[in-house]
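Data block below; observations after.
The values are calculated or read from the model by the stated rules, or taken from the named source; none is laboratory data. Bear in mind the structure is a predicted one, so any value in this text is a computation, not a measurement. Cβ: placed from backbone, ideal geometry, glycine included. Neighbour counts: every protein chain shown. To get the accessible areas, we keep the full protein, side chains included, count just its heavy atoms, and leave off ligands, DNA and RNA. Shrake-Rupley method; radii C 1.70, N 1.55, O 1.52, S 1.80 Å.
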Amino acid sequence: MKKITQIVLILIAITATAQEKMVSYMGITNFEASIPLFEEVKAINEKTTCILILKTGDIACWINIKDFKFKRDLMQEHFNKNYMESNRFPRAVFKGKIDKFDLKKLTTTNNQYQITGKMTIRGRTKKIVINGTLKKVDKGIELFSTFPLNTDDFNIEIPFIVRSKISKNVNTQIICVLE
């Protein structure tokens, strides 16, 4: 009888915990740092992880830098070795809060939210405020946000020889379905 009670209590605890947060392991993060008339500087990461705490609106997302994919292998190699030093700084992390988040108010149309938090890239942390949308979808909640990041804020040096071909302002986009 004790074992059955323990199993039931464990199942209740697991169910309660599962309802408190939603997770995405296959979010998509894109960035572009292209300058018109020069080669496109653009990459995609399809392994972004995000966790949303439903009661508080707290959100955390992290990305393994080496999971960004470029069209050209050489560009990807330079990105990891020279710009991001991904062996030394393997992840980018955002921790924040979705302002005025209320799960009960979410609908199947895009709801605008402001997300306030801290972005850590290459060991440097910066407070940022980004705008995003949330909406209910069949599998859970879809998060979509587009925001700029500046390479200077994270001590990412662009070598002089290519400085005129790569933008310091990096247009960043994240899309994920939290389940």
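Points to keep in mind about this one:
- Here Lys95 meets each of (1) over 21 Å from Cys176 (Cβ atoms); (2) in contact with a Gly (Cβ under 6 Å, 6 or more places away or on another chain); (3) of a type outside the set (Gly, Ala, Ser); (4) open to solvent by 100 Å² or more (accessible area, probe 1.4 Å) with one exception, condition (1).
- Test: residue in region 49-70 that is hydroxyl-bearing (Ser, Thr, Tyr) and touching a Cys at 6+ places or on another chain (Cβ under 8 Å): yes
- Within region 126-151, the residues that satisfy the criterion of being exposed (fewer than 12 other Cβ atoms within 10 Å of the Cβ) and not in a strand (DSSP E or B) are Asp138, Lys139.
- When region 112-137 is filtered for residues that are more than 16 Å from Cys61 (Cα to Cα) and either at pLDDT below 95 or of a type in the set (A, V, I, L, M) (or both), only Val137 remains.
- When region 35-66 is filtered for residues that are open to solvent by less than 50 Å² (accessible area, probe 1.4 Å), of a type outside the set (A, V, I, L, M) and either at pLDDT below 95 or outside any strand (DSSP E or B) (or both), only Gly57 remains.
- Neighbours by Cβ (under 8 Å, 6+ apart or cross-chain): first from region 119-145, in contact (Cβ under 8 Å) with a residue 40 or more places away in the chain; second of a type outside the set (A, V, I, L, M) and part of a loop (DSSP other than H, G, I, E, B): Val137/Thr108; Lys139/Glu179; Gly140/Glu179
- Filter result (under 18 Å from the mean Cα position of the chain (by Cα) and in contact (Cβ under 8 Å) with a residue 24 or more places away in the chain) within region 80-100: Met84, Phe89, Pro90, Arg91, Ala92, Val93, Phe94, Lys95, Gly96, Lys97, Ile98, Asp99
- Checked against the criteria, Lys71 counts as surrounded by fewer than 18 Cβ atoms within 10 Å (Cβ to Cβ), among the basic types (Lys, Arg), closer than 27 Å to Glu40 by Cβ and touching a strand residue (DSSP E or B) at 6+ places or on another chain (Cβ under 9 Å).
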